[in-house]
1. Given H placed 1.01 Å from N in the peptide plane, which residues other than close sequence neighbours of A:Q148 have an amide H under 5 Å from its amide H?
2. What are the ³J(HN,Hα) values, in whole Hz, obtained from phi via the Karplus relation 6.51 cos²θ - 1.76 cosθ + 1.60 with θ = phi - 60°, for each residue of segment B:190-195 in sequence order, with x given for Gly and Pro?
3. Are any of the pairs A:K102/B:K67; A:K43/B:K41; B:K163/B:K190; A:K190/B:K23 more than 20 Å apart by Cα-Cα distance, and if so, which?
4. Give me the number: length gained by fully extending A:K43 to A:Q137, i.e. 0.36 nm times residue separation minus the C-alpha to C-alpha distance, one decimal in nm.
5. Please report B:F47, A:F34 as a ranked list, fewest other C-beta atoms within 10 angstrom at the top and most at the bottom.
6. Can you run phi through the Karplus equation (6.51, -1.76, 1.60; θ = phi - 60°) for segment A:79-92 and list ³J(HN,Hα) in whole Hz, with x for Gly and Pro?
7. So what is log10(I(q)/I(0)) for segment A:30-103 at q = 0.20, 0.24, 0.27 1/Å, when the Debye sum runs over its Cα atoms only?
8. Kindly put A:T180, A:T33, B:T4 in sequence by how many other C-beta atoms sit within 10 Å of each C-beta, fewest to most.
Amino acid sequence: MKRAFSFALTPSPITSHFYLSVSTIISFMHKKTFEELFAPQIKPLFKVAYQWTLNSQDAEDLVQELALRVVDRVDEMNAIEKLRPWLVKIMYRLFVDEIRKKNARPLAYEHLVDEEVMKNLFVDSGSDPEAIVAIDQLGRELIANLKQLEHEQAVTLFLFEVEGYSLKEIADIQSVSEGTVKSRLHRGRKIMKKQLDTGTLLSLDPC
Amino acid sequence: MNCTEFHQQLEFCEKGSVNSLSKAQAEHMRECELCEAYWQKHVVCGFLHAVSSVDAPAGLEARILAKASQKVSENSSQSRKVSWLAGAVAASLVLFSSVWLIDLFRPESPASEQMAQVKVSLPINQVSILPVMIESPSALPQVTISVNLGPSLSIEHYNGLRKLSWQAALNEGANIINLPVLVASEKGDKVIVTVESGDEMKTYEFLVEGQKNSSKNVNSINDSTI
Ligand SMILES: [Zn+2]
């Protein structure tokens, strides 16, 4: 049995990781390597981890921990049809373990630095000083709301609204029923909408 | 402004960006609860997108993959040590006694020793496919194969990189690796291939010589459908 295959390199610490683009035929390579499977997942997983931690270093640590957990499970990874949700599920367990280890309270973002998040909001605020003030105000209200979410609610909201996972997939990732996911979404949204009034004259656009 | 217009104005948007809401929209919202609820949902969703719009730090993938592969190599060297101390050398020889690495074009010349020397001639300054066969007495679901090339050899597209390592599953019987090799000088160089399976490891070595005229024994890189 023959199959086109591109080598995955074991990266050295100095050179950045890259793939050998040569189309090489290796008759015994029925399976993809860990690097082939995991490399394309790193950036999307980092984004998800960042949503949960809102801190680049913590997000990287989480993805790193995940990589160390699954590096020995190449066969399993090859057999999985949808790799991303599988990885997100394991990463979610690591995230929850981390929270428990730190004995942190259910608030996911209690240590959140407002300015970190505010940076991301000023994407296209233009130069209108009134708009800037209004965005700042709206942003701070939303951040205050975000800090009131329990981590389960926050994870559910981000997975559903931003990552586009279905209720069923989220239920599987969080190991709960779909009903629980629905109520987490409902309560999470309700908290996020608190104090949002029309006085801000602004909209923050989703995709 | 009606509800449809209100919705339409909100739809024109980029992922996670922040726009001003028009006066007309604001006025409409004060009178229309449905549109206000719609706007709130919109704002929350936009906020969540904006919050997530962070760039991955430089070198993220390299760092993560490097540590993961380091763990793999630490694990395999640890277990090898244990295996050695436990006197499993015999098992090692049994496992690999008929794993041979040979030149594909001389299949009758197996290298049956731990360290085998096979000589291959490849044309200089031209990428050639170097076929390597590994014969395994049984299916091995997880082996690590490493290839080390001497300084006057390189793998095509690697810009001088001469060390590769990857995981593979070996079938029972013949397994073929086709390496796209470039030889820089007539003197040629060594290719060292290491096959690791669980506790065991076996090293093979062969010599690649540079040849001025192209050989019948090699395939052009363009012929990648061998
Ligand atoms: Zn309306």
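No value in this document is a laboratory result; all are computed from the given coordinates. Predicted, not measured: the structure shown is a model, and the values here were computed from it. Quick reminder, even Gly has a Cβ in these numbers, built from the backbone with ideal geometry, and neighbours come from all protein chains shown.
1. Result for A:Q148 returns nothing.
2. 8, 10, 10, 10, 10, 10
3. Numbers: A:K102/B:K67 24 Å; A:K43/B:K41 27 Å; B:K163/B:K190 12 Å; A:K190/B:K23 26 Å.
Listed pairs above 20 Å: A:K102/B:K67; A:K43/B:K41; A:K190/B:K23.
4. 30.8 nm
5. Details: B:F47 28, A:F34 24.
In order of increasing Cβ crowding within 10 Å: A:F34, B:F47.
6. Whole-Hz 3J(HN,Hα) from phi for segment A:79-92: 7, 7, 6, 10, 6, 4, x, 4, 5, 4, 5, 5, 5, 5.
7. Taking Cα atoms of segment A:30-103 as identical point scatterers yields -0.81, -1.10, -1.32.
8. Values: A:T180 16, A:T33 24, B:T4 8.
Result, fewest neighbours first: B:T4, A:T180, A:T33.
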